[in-house]
1. With every protein chain left in place, what is the accessible area of D11 in Å² (1.4 Å probe, nearest 10)?
2. Expressed in nm to one decimal, what extension gain is obtained for the pair I78 and A22 from 0.36 nm per residue of sequence separation less their Cα-Cα distance?
3. How much of R88 can a 1.4 Å solvent probe reach, expressed as accessible area in Å² and rounded to 10?
4. Distance in nm between label sites at N5 and R39, each 7 Å beyond Cα in the beta-carbon direction?
5. Arranged from highest to lowest average of other beta-carbon atoms within 10 Å per residue, in what order do the peptides 19-28, 74-83 appear?
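The values are calculated or read from the model by the stated rules, or taken from the named source; none is laboratory data. Everything quoted here is computed from the prediction, not taken from an experiment. Please note: Cβ atoms are built from the backbone with ideal geometry, for glycine as well, and neighbour counts cover all protein chains shown. Only protein heavy atoms, including side chains, enter the accessible area calculation; ligands, DNA and RNA are left aside. Shrake-Rupley method; radii C 1.70, N 1.55, O 1.52, S 1.80 Å.
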Amino acid sequence: MKSFNLVVSLDGIDTPITVSEADGIYEIIHEGHIIAALRPPGEDWQLLPLDELIEEVSLFESDLNPQSHQIVLHSPVINQIIAEIENR
């Protein structure tokens, strides 16, 4: 799948993100940093914690989102991202 950009509302602020697929894992990227990842294990999508993401994807430390700029993805936003992935 080709990477795509998406604008989501996080705490009332429109936030641009990029979704990129690698080896069946969908990376959620904001400002050049991976903030989360989704994996479709069958019927249910899973949000991968960053420690598991490190095991699943080859990353440099600078690819991960720094703690001082933490973005929390709530269920409605995750569902919006999943819907966009499934529509492509």
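1. 130
2. 18.4 nm
3. 150
4. 3.0
5. Order by mean packing, descending: 19-28, 74-83.
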